[in-house]
Amino acid sequence: MWRNVRQAKADFRRDNRFQVNYYATGEHRRLGTLILKIVDLSSTGVMIDGKAGIDRGDRILLRLPAATDVETLCLWTWYQKAGLQFDQPISSSELTSNIDVMRAVRM
């Protein structure tokens, strides 16, 4: 079993990441509505800067610009950064659409 879990995590880490600079909203059960700065996007998750009180293990409903709301789980935090993994990977077409919108908006 551990080998399968490690393999699955390794597969997620191999996903192509795309640097973006985009502010999205998220809903947190305890903290309410959050403004999250997405700096890195892949089909399996995002990295945010300025984690706004999010802790490892927290669940956040993230609103991406070109997708429906995405359920995420905070896998790690480091100083003001946090990694959020999508419950279900988004499709390559959704990923491309989100990257296009996020890069078109100048913050």
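Evaluating residue 53 against the criteria (1) crowded, with 19+ Cβ neighbours inside 10 Å; (2) farther than 18 Å from residue 19 by Cα; (3) not charged (D, E, K, R) leaves one unmet condition, (1).
If you check residue 10 against the conditions, is it within 16 Å of residue 96 (Cβ to Cβ) and either loosely packed, with under 15 Cβ neighbours inside 10 Å or at pLDDT below 85 (or both)? The answer is no for residue 10.
Of the residues 107, 102, 1, which single one is of a type outside the set (Gly, Ala, Ser), buried (at least 16 other Cβ atoms within 10 Å of the Cβ) and at pLDDT below 90? Please lay out each step first, then the result.
Values: 107 fails: buried (at least 16 other Cβ atoms within 10 Å of the Cβ); 1 fails: buried (at least 16 other Cβ atoms within 10 Å of the Cβ).
Answer to the check: 102.
The residue that is surrounded by the most Cβ atoms within 10 Å (Cβ to Cβ), counting only those in the range 73-99 that are of a type in the set (Val, Ile, Thr) and in contact (Cβ under 8 Å) with a residue 40 or more places away in the chain, is 90. Quick check: is even one residue across the range 54-65 modelled with pLDDT under 90, small (Gly, Ala, Ser) and more than 17 Å from residue 15 (Cα to Cα)? The answer is no; no qualifying residue exists.
Among the residues of the range 63-104, those identified as touching a Gly at 6+ places or on another chain (Cβ under 6 Å) and closer than 17 Å to residue 17 by Cβ are 75, 76, 84, 85, 86.
The values are calculated or read from the model by the stated rules, or taken from the named source; none is laboratory data. Being a predicted model, the structure only gives us computed values, none of them experimental. As a convention, Cβ positions derive from the backbone with ideal geometry for all residues, glycine included, and neighbour counts pool all protein chains shown.
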